[in-house]
Structure formats: C-alpha cells, structure tokens
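Only one structure is covered here, and it is reproduced in the block below.
The values are calculated or read from the model by the stated rules, or taken from the named source; none is laboratory data. From a predicted model like this one, the values you see are computed outputs, not experimental measurements. Counting neighbours? That spans all protein chains shown, and the Cβs are built from the backbone with ideal geometry, glycine included.
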Amino acid sequence: MKKQISLFLVLSMLMMLVSGLSVSAADAAEKVPLIPGPGDRPIAIIKADDLTPATFDKFQLLYDVFTKVGVVGSFGAITHRCEGFTDAQWAAVEGWVENGFEIWHHGYDHDGVYIDGKFQNDADFIGRSADKMEMYINHGIDLFAAHGIKVQSVGVPYNIFDETFLTLLNEKFDGKITSVLNAKKPAFMTEKNLSFDCYQLGNRLDLEDGSMTALEAAKDDYQKAPNRPYYVVQMHAAVQAKDPDALKEAIVYLKDEVGCVFMTPSQYLAYCEEAANRVDTIEVIDETAVGGKIRVVYNGTEVDFESYDSVYPVIENGRTLIPIRALAETVGAKVDWLEATKKITITKGGTQIIMFLDNPDATVGGKPVTLDVAPATRNDRTMVPLRFASESLGLEVKYTQK
Ligand SMILES: [Zn+2]
C-alpha cells in the first residue's frame, strides 16, 4: 500500500509539470529542435511591437512592469525611426539590453521607409522589393550595432511574410538574422514545402483581443493551445501601456500559473542548441565492496537518496535497480502506474518505456525488449533497472566500482 501511495504521489507531482509536450514539425527548423524549457515548462517570448522615439515612454513603462514581475522581454524596433532617439533614450535602450532584454527588428515600416532621415512613401516596399528590404534590414542592424546592440530577430508588420522575404532571410542574412517572430508559419511555405534557415518562432499568445483584458486574452489563447514548447507573447507597447495592471496580471498568470520560463528569442535559441548538443550522463558508483552505498550522480549532481526515505539502489545479478521515483525526478521523466496490470510507463521527451512489475517483457518506443532483471519491489519501493531505463531515455551510463 505504501508503495502505491508513493507512486501516486510521484504521479501527481509529475502531472503538475506540463506533460505531453512535443516538438511539432511545423514549429521546428531543421538545425535543432525547438524544445520545452527546464522541467518541461513552456517558454514565453515577449514580443512588443513598434518601438520608436514616439512610443519610447510606453516601452519604458512595459520594461518597468516586466522587471517588477521578474521576466525579460523583446522589443520590436521600427529601426529607421529610431534614428530619432535622443542620447538619453539610447542610454535607456542600452540599459534594457544590459539587463537581459532584446531588441528585434520590425522588418520594415507599416507605411513606407525612412532612410537617411528622409521618409519615402513607398508602397512597393511592403513585402515586395527584395533590394529595399535588404537595405532596410541592414540599415537597422547597423544603426543598433553602432550602439553595441545586436539585432538578431525580425518580425513583419501585419504578418506580411512572402516568398521574397523568405528568400532574403535564407540567402542574405546568414548568421545575422537567427529567428523570425510572427504569428504562424505562412501557408505558402507549407504548400510549397519551403523552409527557413533560421527559426520560425510563431506560436502565438495574443494579448490584444479588443474585447478582453490582457489577462483574459492570455488565458483564452493559452487554453486553446496548452501543450506547446514555447509561446511568442504578442503585444504593442502603445496598447498595453493603457492598462499596465492587466498586463502585469497576464504576465504573472503566464509565469506563476502556466509556469512559463521567460526568455528572449536569442536566449531561447541558445538554450535549444545547448540542450540538443548535451549528452546527459548518469553515473553509478558502487561503494558496497568498501562498506559504502551505491551512489548515483546525474550530470555532476549526486542523487540524495536520504530525501527518498533513504531507500538506496541495489545491485542484483550484476544489474543496478533504482527506486523509480528517484530516477524519474532526477532525469525529469514522467511516470504512470496502472495497478490492475502492474504496468509502469516512463515518458521523457518523445520516448516511452513500458515495463511490468516482476516481468522481464518491456517495450521501448513500442518495440519489444526482454530485460535481464525485471522491475521489482525492494524495501517497499518499486525499483527499475537503471541502465536499461536510462539508456532507453538517451542517457549515457557509467559504472564505477570502488
Ligand atoms: Zn508594427
């Protein structure tokens, strides 16, 4: 009975984490998969549009709200208009960036283009002329670079995103533009099977449904799509500044209730790249021959078995058995227990292992496997074979005997 209760506790605790997250092919670029944050929590990327000298004060207000809540955001500069920043405004923007905020490139203007202080009302610019878009994006990148600010992401007004723009991104800004922030993957890309060389960050939570407060809009969009690895949180400073309290409530909701981890676009991409390249290692150090215990170290951190009721792993027939709760919590996996058939399901990322208590028949990703040592009950706890479970979850296993 005790065993069932503890497994039940694990289950309910793990269910608290956002489960069932998976990387959808539509979201993922080819380089590395876009993945959920630490502990399978979703990532929130704040995208606030239309930073210019005229809207600067509203962005400062947003910045103050976000820093009070303790999150970072990214601000979309209509870069040519930012030529008009005063020295004090540039200093403030530099301060935002120093504190972890990020400037993204608005792509181009809503109405036309300002180059070298001259406004050209140029309808041809809107999503059609590749040369002008290239010049304009480079102009913005250079303008902010002169103030030590790196602009790596672009968005496009009204989500006008066409093949010309896609070609530009893939061919002209190699390494400069690393991500595109817009509402969703454009239909023409799916239809023609086109891809980005940079990332499409387009899972949107839109805080700007005119009939709702920012909090209501955040809840509404989140409840429509609760299982995504990341969300671009869409807003305009000019709109949100009208009701900073509602904005604050929306951000607190995403942070504390949904459990989002807030990152800027480039922080998120760096996080994905690091996670994709990381090999998680679990090390078993057997000190039983010298009168000690069996210790387990995961990515350099030792598992504290005392906090698991001092139930330690055991070695039987040359195989290490580990309490399932300690293993699952250590490696961030989810466990389901079905009492009727004594079925144990371990899920981490896209991998699922199914085992049965006292039964050597198991499956990994649906493929049958026969275990040397079956999951068993020891010291009133469900124990599973450590090497088998860990390797099936993609971990590297090391064994040392002292
Ligand atoms: Zn805009």
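Of the residues making up region 218-247, those that are within 21 Å of the chain's Cα centre (by Cα) and crowded, with 16+ Cβ neighbours inside 10 Å are Ala218, Lys219, Asp221, Tyr222, Arg228, Pro229, Tyr230, Tyr231, Val232, Val233, Gln234, Met235. Among the residues of region 158-200, write down those that are within 16 Å of the ligand (Cβ to nearest atom), surrounded by 21 or more Cβ atoms within 10 Å (Cβ to Cβ) and of a type outside the set (Phe, Trp, Tyr). Answer for region 158-200, where residues must be within 16 Å of the ligand (Cβ to nearest atom), surrounded by 21 or more Cβ atoms within 10 Å (Cβ to Cβ) and of a type outside the set (Phe, Trp, Tyr): Val180, Leu181, Asn182. Going residue by residue through region 260-280, is there one that turns out to be of a type in the set (Lys, Arg) and assigned to a loop (DSSP other than H, G, I, E, B)? Yes. In the set Thr347, Thr377, Thr382, Thr363, only one residue is free of Cβ contacts under 8 Å to residues at least 60 places away in the same chain and assigned to a strand (DSSP E or B); that residue is Thr363.
If the condition is being of a type in the set (Lys, Arg) and in a helix (DSSP H, G or I), then region 287-325 contributes only Arg325. Highlighted here are the helices (runs of 4 or more DSSP H) found entirely within region 1-119 that include at least 2 residues which are at pLDDT below 65 and not assigned by TED's automatic domain parsing to the domain that holds Val331: 2-16.
To keep it simple, each residue is scored yes or no on (1) of a type in the set (Phe, Trp, Tyr); (2) at pLDDT 85 or above.
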| residue | (1), (2) |
| --- | --- |
| Asp124 | no, no |
| Ala130 | no, no |
| Asn138 | no, yes |
| Asp142 | no, yes |
| Ala146 | no, yes |
| Lys176 | no, yes |
| Asn182 | no, no |
| Ala187 | no, no |
| Phe196 | yes, no |
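Of the set (1) at pLDDT below 90; (2) in a helix (DSSP H, G or I), all apply to Ala328 but (1). Screening Lys255 against (1) closer than 20 Å to Phe101 by Cα; (2) outside the structural domain of Glu102 (by TED's automatic domain parsing) leaves a single unmet condition, (2). Counting residues in region 166-189 that are over 24 Å from the mean Cα position of the chain (by Cα), among the polar types (S, T, N, Q) and more than 25 Å from Cys260 (Cβ to Cβ) gives one or more. For region 52-86, filtered to residues that are without any contact (Cβ under 8 Å) to a residue 60 or more places away in the chain, out of contact with any His (no Cβ under 7 Å at 6 or more places or on another chain) and of a type in the set (A, V, I, L, M, F, W, C), the residue that is farthest from the ligand (Cβ to nearest atom) is Phe85. Pick from region 33-51 the residues that are away from the ligand (no atom under 16 Å from the Cβ), buried (at least 18 other Cβ atoms within 10 Å of the Cβ) and of a type in the set (Gly, Ala, Ser): which of them is nearest to Leu254 (Cα to Cα)? In this case the residue turns out to be Ala44.
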